[in-house]
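Since the structure comes first, as structure tokens, the remarks are kept for the end.
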Amino acid sequence: MKALPPGLKRRIDELDERAEIRIGWAQLALIVFFGSAYAFLPRAEGSAGFNFVPYALAAYAVFTVLRLGLAYRRRLGTWLIVASIIFDVALLTAIIFSYHVQYDEPAAFVLKSPTVLYFFLFIALRALRFDPTFLILTGALAVASWVSLVIYAIYFDPDFAGITRNYVEYTNGSKVLVGAELDKIIVISATTFLLAYVLMRSRALLVSAVRDHVIAGNLSRFFAPEIARNVGEQEPTELVSGVATTRDIAALFIDIRGFTALAEAMRPSDVMALLTGYQSAMATVIGRFNGHIDKYLGDGILATFGAVDVSPCYAADALHAAFGVYAAVDALNEEMAREGRAVRLRVGCAVAAGSALVGVVGGAERLEHTVIGVPVNLAAKLEDANRVEGTAGLTTRSTLKLAKRQGFVTPQRLELRRKRQVAGLSGRVDLIVLKSAPASTETVPTTALS
């Protein structure tokens, strides 16, 4: 079997460790049942031989308690599990063998004992683990033990009464019916094989499920969790380029002012640390207002609202997030000032709402979830217009009206700039200033995608 990645192996090992605890409790419950039955129920004890059962149960109880304790402490290594299996099978075999001594009967007498059925119980308990090795070992030892009982009864017992082909003579006497013993061996072997096969299939399904879970977890670090979940739930035939849905969404562009010049004056490791802290803060704000980051564009961020999940307040959420961005940047600057760092971040934002296509683009080997349409293009152009307008945040009058209908309450009086020319747009548009920029930022040569 192909070696599992360390993460998958660790998770399966954890499941197997829990299984050993359950096996221990099952064995302890079995001992309690046997002990109670032996103590309180009438039993047919022989008078001629030594009664091995109570001593065997006591020894097995002590062993099981010790084994359970080791299982809880995660110290039940492979050799202890193997020793436990050998002890289980050997003890059961010894109990069965002891009947011919206890009842002073030929050894063939024990071959009719119904206690042989408990071999199946020990085999089934091993199916609680996802490793078929121990199950196969248990079944093989059970077969070997029964074969040894048959061989002893036929070749080494001085009271051997002979072999018969008569079933009535077999059931009423002490003769051995070879076919009956073969049946038991075949059934034990077949049960072991079938359980091992089922267990191997279950393990393969478990590995696949855990791998998918890990992949989904990794995807959620690159995409919104909802996108990762949707990708995981869809059939491969549904994940094709060109399939899109029209939705009403809002787009938010965020950009660090003068980042190129700032990065050139810093060490690469400091630049990445700064970006990581900034992007983490932005992701928190965007997520708080039900948004999802569509792309990281260097120091720029494109976030969408209502694109992944349909939302009745996408425009309001986007504007709330824009004001949250300003507050988060101020908090980040204060934190860096307390740490004695001279860096100060200034950001520009733009918000636009409207109808867009939401879907998958790309080639056969690489696909990407994206949003295409007027809101995204308009938000990008408005972010560019911040430099021209001397602002740090813009949206359109129509977007603000829509957001107010969706419950947005402006945190301050907003400036309206009527019929402004925005580069890339054919007509003029009424702009709403979300935040004015300090005079020093008007001359910073930057774009929305610097």
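The values are calculated or read from the model by the stated rules, or taken from the named source; none is laboratory data. Just so you know, these numbers come straight off a predicted model, no measurement behind them. Glycine gets a Cβ as well: all are built from the backbone with ideal geometry, and neighbour counts include every protein chain shown. Quick note on the areas: whole protein, heavy atoms, side chains included, nothing else; ligands and nucleic acids left out. Shrake-Rupley method; radii C 1.70, N 1.55, O 1.52, S 1.80 Å.
Compute the distance in nm between two label points, each set 7 Å from the Cα along the Cα-to-Cβ direction, one at LEU425 and one at SER208.
Reported label-point gap for LEU425 and SER208 is 5.2 nm.
Give, as ranges by residue number, the residues of segment 327-359 whose backbone N falls under 17 Å from the point 7 Å along Cα→Cβ of THR410.
Answer for segment 327-359: 350-353.
Suppose all protein chains stay in the model; what accessible area per residue would a 1.4 Å probe give for segment 251-408, in Å²?
42 Å²
Got a number for carbon plus sulfur as a percent of segment 256-377's accessible area, 1.4 Å probe?
Carbon and sulfur atoms account for 58 percent of the accessible area of segment 256-377.
Hey, any idea what % of segment 88-185's accessible area is carbon plus sulfur with a 1.4 Å probe?
66 percent
Mean separation of Cα pairs under 8 Å and 6+ residues apart, divided by the residue count of segment 76-171: what relative contact order is that in percent?
RCO, segment 76-171: 33 percent.
Mind giving me the nanometre distance, one decimal, between the label points for THR246 and ARG417, set 7 Å out from Cα along Cα→Cβ?
3.2 nm
Provide, for q = 0.15, 0.20, 0.21 Å⁻¹, the log10 of I(q)/I(0) from a solvent-free Debye sum over equal Cα point scatterers in segment 46-164.
Each listed q corresponds, in turn, to -0.74, -1.13, -1.20.
If you stretched the chain out fully between MET272 and ASP183, how much longer would it get, using 0.36 nm times the residue separation minus the C-alpha to C-alpha distance?
So the extension gain works out to 25.0 nm.
Which order do the peptides 260-268, 378-386 take when ranked by the mean count of other beta-carbon atoms within 10 Å per residue, highest first?
The most tightly packed comes first, giving 378-386, 260-268.
Using just the Cα positions, wrap segment 278-354 in a convex hull and report its mean projected area in square nanometres, one decimal place.
Over every viewing direction, the Cα hull of segment 278-354 projects on average to 5.1 nm².
Given the peptides 160-170, 350-360, 121-131, arrange them by the average over their residues of other C-beta atoms within 10 Å, most packed first.
Numbers: 160-170: 13.3, 350-360: 22.8, 121-131: 19.5.
With the highest mean Cβ count within 10 Å placed first, the list reads 350-360, 121-131, 160-170.
Which entries in the list LYS381/LYS404; LYS112/LYS175; LYS381/LYS419; LYS381/LYS435 go over 21 Å, if you measure between the two C-alpha atoms of each?
The answer is LYS381/LYS404.
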